[in-house]
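Take a look at the structure below.
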Amino acid sequence: LGTGLEEEVVDLRDDLLRKAVELGMDFFDTAEVYGPWTNEEMVGEAFARMRDKVKIATKFGLLKHAPGKHAEDHERGMDSSPTSIRIAVEASLRRLGVERIDLYQFHWADETGTPVEDSWGEMLRLVAENTREPEERTPDLQAQIAANDLGARRMLVLVAQVGIEAVTTAIDDI
């Protein structure tokens, strides 16, 4: 039995987000783990008709993805391996309904053994693939990459090695 309430909530949510854009907000941040997945879907649906007016950021790293499995068939836990990054970005692009993510971020560094430099290298490859001619691009279209909660020491290493577009970290890491 449906009450119609779900549709009213979706309309209200979309109206609210669109009003935010009208008032000048243009940057919206989400993550695959929020929901999980439903927040990316919501952001994608809300901005489908005004994609050129907003910047969308999303994050990966708190879900484990395995090759050959659907992205939503995952385990909770940190995984920023290159393979998991590719699976995660393709799934985020699909859920958001976009061809490009404006800012793609580590959510947290992998504690299972993937060196942060390997993860960052994969993200740089995704950016490089986006610089090709449109007919040569992979579906992983990224504009910028960022690090989130990697810890101050790891952040400094990455800034020194390759530069970072954006940084967020916990207060106690500063």
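The values are calculated or read from the model by the stated rules, or taken from the named source; none is laboratory data. Quick caveat, the model's predicted, so the values are computed rather than measured. Cβ atoms come from the backbone with ideal geometry, glycine included; neighbour counts cover every protein chain shown. These area figures cover heavy atoms from the full protein model, side chains too; ligands, DNA and RNA do not enter into them. Shrake-Rupley method; radii C 1.70, N 1.55, O 1.52, S 1.80 Å.
For region 89-97, the count of residues that are within 23 Å of ASN130 (Cα to Cα), modelled with pLDDT under 90 and open to solvent by less than 10 Å² (accessible area, probe 1.4 Å) is at least one. Would you confirm whether or not region 65-75 contains a residue that is outside any loop (DSSP other than H, G, I, E, B) and either free of Cβ contacts under 8 Å to residues at least 40 places away in the same chain or open to solvent by 70 Å² or more (accessible area, probe 1.4 Å) (or both)? Checked region 65-75: at least one residue is outside any loop (DSSP other than H, G, I, E, B) and either free of Cβ contacts under 8 Å to residues at least 40 places away in the same chain or open to solvent by 70 Å² or more (accessible area, probe 1.4 Å) (or both).
In region 1-23, how many are outside any loop (DSSP other than H, G, I, E, B) and at pLDDT 80 or above? Talk me through it step by step, then tell me what you get.
First, the residues of region 1-23 that are outside any loop (DSSP other than H, G, I, E, B): 5-22.
From what is left, the residues that are at pLDDT 80 or above are 11-22.
Counting residues in region 1-23 that are outside any loop (DSSP other than H, G, I, E, B) and at pLDDT 80 or above gives 12.
Is one or more of the residues making up region 13-22 within 20 Å of ILE85 (Cα to Cα) and among the acidic types (Asp, Glu)? Scanning region 13-22 turns up no residue that is within 20 Å of ILE85 (Cα to Cα) and among the acidic types (Asp, Glu).
The residue that is modelled with the highest pLDDT, among those in region 24-51 that are among the hydrophobic types (A, V, I, L, M, F, W, C), within 20 Å of HIS65 (Cβ to Cβ) and touching an Asp or Glu at 6+ places or on another chain (Cβ under 8 Å), is ALA31.
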